[in-house]
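Student: One structure is given below, represented as C-alpha cells, and several questions about it will come after.
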Amino acid sequence: MAYVAIADRDHALHDPQTFITKYIWSQDHKIIAIQYAVTAIGIGLVALGLSVLMRLQLGFPHTFSLIAPGNYLQFITMHGMIMVIYLLTALFLGGFGNYLIPLMCGARDMVFPYMNMLSYWVYLLAVLVLVAAFFVPGGPTGAGWTLYPPQAVLPGTPGASWGIVLMLVSLGIFIVAFTMGGLNYVTTVLQARCRGMTFLRLPLSVWGIFMATILGLLAFPSLLVSAVMMTLDSLLGTSFFLPAVVSMGQSPTHNGGSPLLFQHLFWFFGHPEVYIVALPAFGIVSDLLSTHARRHIFGYRMMVWALLAIGCLSFVMWAHHTYVSGMNPYFGFFFATTTLIIAVPTAIKVYNWILTLWRGDIHFTMPMLFAIGFIFTFINGGLTGLFLGNVTVDVPLSATYFVVGHFHMVMGVSPILVVFGAIYHWYPKITGRLLNDTLGRIHFWVTFLGTYAIYLPMHYLGILGVPRRYYAFGGTDFIPPSAQWANVGITMAALFVATAQLVFLFNLIWSLSHGKEAGSNPWRATTLEWQTPDTPPKHGNWGPKLPVVYRWAYDYSVPGAKEDFIPQNVPPDAASGVPGTAAAHGV
Amino acid sequence: MSISVAFIAVVVGLVVWGLLVRRLTSRPWEAQGAPADTGHSGVEGVPPPAKIGLWVLLAVVSSLFGLFISAYYMRMGHAHGDWSPVALPRVLWLNTAALILSSAGMQTARGAVRRAQTHRVRIGLIVGGLFALAFLAGQLVAWRELNVSGYFLGSPAAAFFYLLTAVHGLHLLGGLLVWGKTVVRLAPARVEAIAVRSSVELCTVYWHYLLIVWLVLFAVLLSTSA
C-alpha cells in the first residue's frame, strides 16, 4: 500500500529487480522524473528545430523552397504549443516536480506511485498523438497556438481537417496525464512531509511547484472544455464556437456559435498557464540564488505570500489577451488594473532575489550564472508587460513583434534559463557527476547574450508595426526596408543560440560518463535532497529511517556555526552554533 | 465566467485559509527543533492520502463543471436568435430519483462498513450500483426522447444538453469502474467488509458529489428550458 511506502521501514525494501520494472514501467518518482524530462527535452528539440526553420524563412525570404506559407503557419503553431505545454509545463511539473517534491519533503516517493507512472505514459501518448499530426494528410494545424475558431477548423487553414483534431485530442490526453500527476504532487506535499517539515520549512522550489500545480489543476479544465467543444464543432457539426461563415463559396454549416466564448475559455486557462510555468521557475531560482550566494533567501515568508498572491491574481486577468476583441471599455479597464496589480507581488519577488545577492558570498557557478541571467531577462520581459497590460498601448502593439519579443523574454527565455540553471544544479544529484564547466560557460554566454540579440530587436520591429505570424512581407510600405536587416541579424543570432543548445546536449551526455565525481553534496546545500545516504538516491530515498527536519531550508552563513551551511536535518545541538540569529538579518 | 471565477476564489480561499494562514505566521528562521506537527506522515488522525487525493480530484472536477456551466450561460448570452430552449424530457425526474436512491444505497454501505456488517455492505453497494446504472440507462432514454422530438446537435441548447449529461455520465461511469472492482473484491464469502473499507468510503463521497453535480446541472437546465 502506498501509505507504508512513506513511513519508516526496518525490513529490506522490495526494490524492483528487472530492467523493465526498474527503468521502463517504473513507479519510482526519480525514474519517472527522468522519463518526463527526457521526453520533454526531446519534443522541445523538435520545437527548437521548427523555430530555426521559421527564422531561416524570415531572415532569408524566398530562399528556401521547402518552406511554403502554410508550413510556416504550421511551424509557428507547433513551436508555440510544444514549448508552452509539452516542454515547459511537463518539464517543470513532471520533471522537476517529480524529482524534487519527495526528496525535498523527506518522503520515500509520491503518495500514489502507480498513478504517477500512468501519468508519464499518458503524457508520452499525448506527445505521440501530437507528433502524429506531422504525418497525416494536410499536416499539423496552422491555426496559431491559440487555435482560435472559426479559422482553426475552416478550410484554408493548414491542417483544418486532421491536424486540428489531433491537436485537440493530444491536449485532452495531456490534461488527463497532468491531472494524474498533479493530484500526486499536491497530495504528497500535503501528506508525506517528514517529521518536522512544516509548511514554512519547505524550500521555495516546492512552494513554487505546489502552487503551480494547484493553478494547473484548476485551469487546465478550461482548456479541456474548449478542446472538447471545438472537437465537437469540428467533427459533429455543433455550433458552440462556430458562427455562420460562408467559407470558400460554401454555404454555412454552422450557425450562431461564439468565437469570443472560445477566447474566454482559452485564456482562462492560458493566463494561469503563464504562471504554471513561471511559479516553479520563481521557486527554483530562489533556491539557486540562496545556495550559490551562501545567504538565506531574503524575506522567505513574503516570498511564499507573493507566490499565493500571484496564483490568486492570475485567474482574474485572462481578458488582457483579448483587448482587441472589441470588449466593453470598462471590462478592459478592469483587466488592465488586475494586470498591473500582479506586478506588485512579482516585483516583491524580484527585490527579494536582488537583496538575497546583496552582500552575499556569490559563487559564479553555472547555476548562479543562469539564475542571475534569469533576473535580467525576467525584469526585461516584465517591464514590456507593463506596456502591453495597458489597453491603449496594447491596441496598436497587439499582433506585432513587440508581443513576440515580450512573451519570449518573460515566459520563454526566463523559465528556460531557470531550467538550465536547475539542470546544472541538480545533475550531480541525479547522476552523481558534475556537468563540464567550460562547456557550460560557453552554453551560458551564447544563450544569454544570444537571446538578447534575438528578442531586443523584435521590440523595435514591433514598434515599427511589423506584424507577427507573417510568412513574408509585401505591400507594407510603412515598414522601412532596413527592418529586413534586423531580421537577418535575428536569424544569425538564433542559429548561434540553437547551436549552443547542442553543446549543452553534448555536455549532458558526455558528463554522464566523463563528468567529475560530484560526491553527495557538491554545492554544500541545506535542503534534504542533498542529504540522502546514496547519490544518486536509491529506491525509497532514505534507507531505513526517514529524515527529521529541525530548521528551515536557508541556514547559510549562520554566525557561530562550524560551516557556512547547516542542513535541514541537523539537530540544534549538533550545529554548535546559534542558528536562530539568522533572524537578525531576516524580514 | 463569473461562476468559474467565484468557484476558484472559493477553492483558493479555502486553501489559503484552511491550510496556510494558521501556519504561515510562524517564523521558520527562528524555529528550532522538530515540533510535534501533525502534518507529517505516520501520525494518527491524519486522513489517508487517498482521501485527500479524492478531495483534490473533486476540486478539479468542480472546476470542469463550473466551466461547462459558464460556457453554457455565455453561449446563451452571445446567441443571436439561434437559441431555442429545450423542452426537458420528463424521465429526468425519474433519473434524479434513481440517483438519489443510488447515493442512499452507497451511504448505507458506508455506515455498515464502519460497523463491520459485511452483509449490509454488500446490499448497500449492489443497490447503489444498480440505481446508478438505472440512472445512466434513464439518461440514454432522455437522449432518445430528445432526439425523437427533433432536438439535434445543430441546436445549441440541445448540444449543450447532450454534452453536459454526457460529461456527467462519464464521470459516473468512472465511479462505477471503482465500484465494480470493490464489488468483485467483496464477492468471495470469506472476505470481511474491513478489507474494502477505504474503497467504500471513497466511492460514497464520490457518489454524493456526483449527485450534487447532477442536481446543480438539472437545476441549471430546468431554469433555462422551454
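Values in this text are rule-based calculations from the coordinates and carry no lab data. Note that the coordinates shown come from a computational prediction; the quantities given were computed from them, not determined experimentally. Methodologically, a virtual Cβ is constructed for each residue, glycine included, from the backbone with ideal geometry; neighbour enumeration extends over all protein chains shown.
Student: Give me the number: length gained by fully extending A:Ser520 to A:Ala68, i.e. 0.36 nm times residue separation minus the C-alpha to C-alpha distance, one decimal in nm.
Tutor: Details: separation 452, 0.36 × 452 = 162.72 nm, distance 5.22 nm.
So the chain would gain 157.5 nm between A:Ser520 and A:Ala68.
Student: A further question on this structure: Please count, across the protein assembly as shown, the pairs of lysine residues with Cα atoms under 15 Å apart that sit 8 or more places apart or on different chains.
Tutor: Values: A:Lys22/A:Lys30; A:Lys22/A:Lys538; A:Lys30/A:Lys429; A:Lys30/A:Lys538; A:Lys429/A:Lys516; A:Lys429/A:Lys538.
Count of close lysine pairs: 6.
Student: Using only Cα atoms, locate the centre of region A:545-560 and the centre of region B:103-164, then give the distance between them in Å, rounded to an integer.
Tutor: 53 Å
Student: Efficiency by 1/(1 + (r/R0)^6): what FRET value for B:Ser2 and A:Trp121, r their Cβ-Cβ distance, R0 = 45 Å, to the nearest 0.05?
Tutor: 0.75
Student: Another question, if that's okay. Tell me the Kirkwood hydrodynamic radius of the protein assembly as shown in angstroms, computed as one over the mean inverse distance between distinct C-alpha pairs. Don't skip to the end; give the middle numbers.
Tutor: Values: mean 1/r = 0.0356 Å⁻¹.
About 28.1 Å for the protein assembly as shown.
Student: When only DSSP loop residues count, what trypsin sites (Lys or Arg not before Pro) in region A:436-487 have their Cβ near at most 14 other Cβ atoms within 10 Å?
Tutor: Numbers: sites: A:Arg441, A:Arg468, A:Arg469; in loops: A:Arg468, A:Arg469.
Hits after loop and neighbour filter: A:Arg469.
Student: To continue, here is another question. What nm distance separates the two modelled labels at B:Val10 and A:Val488, each placed 7 Å from Cα along Cα→Cβ?
Tutor: Placing both labels 7 Å along Cα→Cβ, they lie 6.2 nm apart.
Student: Provide, in order from the shortest bin, the percent of all Cα-Cα pairs of region A:243-377 in each 5 Å bin, continuing until the bin that contains the maximum pair distance.
Tutor: 2, 9, 16, 15, 13, 11, 9, 8, 6, 4, 3, 2, 2, 0, 0
Student: In Å and on Cα atoms, what radius of gyration and Dmax does region A:81-210 show?
Tutor: Calculated on Cα positions, Rg and Dmax stand at 18.0, 61 Å.
Student: Right, another one. How big is the convex hull of the Cα atoms of chain B, per residue, in Å³?
Tutor: 139 Å³
Student: Rank the residues A:Leu235, A:Leu183, B:Leu177 as a footprinting-exposure proxy: fewest other Cβ atoms within 10 Å of their Cβ go first. List each step's numbers first, then the result.
Tutor: Details: A:Leu235 12, A:Leu183 27, B:Leu177 9.
Exposure proxy ranking, most exposed first: B:Leu177, A:Leu235, A:Leu183.
Student: Evaluate peptide A:109-118: per residue, the Cβ atoms of other protein chains within 10 Å of its Cβ; return the mean as an integer. Mind showing how you got there, number by number?
Tutor: Numbers: counts 0, 1, 6, 3, 0, 0, 1, 0, 0, 0.
The per-residue average across the peptide is 1.
Student: Give me B:Arg115, A:Arg108, B:Arg122 ranked fewest to most by other Cβ atoms within 10 Å of their Cβ, as a rough exposure proxy.
Tutor: Ordered by Cβ neighbours within 10 Å, fewest first: B:Arg115, B:Arg122, A:Arg108.
Student: Ok, one more. Based only on Cα atoms, what mean projected area does the convex hull of region A:364-517 have, in nm²?
Tutor: Working: hull surface 39.4 nm².
Projected over every direction and averaged, the Cα hull of region A:364-517 covers 9.8 nm².
Student: Quick check on region A:307-441: what are the equivalent-ellipsoid semi-axes from the Cα gyration tensor, as sqrt(5λ), descending, whole Å?
Tutor: On the way: eigenvalues 243, 51, 33 Å².
Equivalent-ellipsoid dimensions as semi-axes: 35, 16, 13 Å.
Student: Additional query: So what is the diffusion coefficient of region A:162-291 in µm² per second by Stokes-Einstein at 37 °C and 0.692 mPa s, using a Kirkwood Rh over Cα pairs? Numbers along the way, then the final one.
Tutor: Details: Rh = 17.0 Å.
For these conditions, the coefficient is 193 µm²/s.
Student: By how many degrees, between 0 and 90 and to the nearest 10, does the Cα long axis of helix A:343-357 differ from the longest principal axis of chain A?
Tutor: 40 degrees
Student: Roughly what would the spin-label model give for B:Phe152 and A:Val393, points 7 Å off Cα along C-beta, in nm?
Tutor: According to this spin-label approximation, the distance is 5.2 nm.
Student: Ranked by Cβ crowding within 10 angstrom, fewest neighbours first, how are A:Val350, A:Val316, B:Val184, B:Val121 ordered? Let's see the in-between values first.
Tutor: Values: A:Val350 16, A:Val316 20, B:Val184 10, B:Val121 26.
Final ranking by Cβ density, sparse to dense: B:Val184, A:Val350, A:Val316, B:Val121.
Student: Which FRET efficiency, nearest 0.05, do A:Ile442 and A:Ile362 yield, Cβ-Cβ r, R0 22 Å? Spell out each step's value before the answer.
Tutor: Details: r = 21 Å, r/R0 = 0.95.
According to the calculation, E is roughly 0.55.
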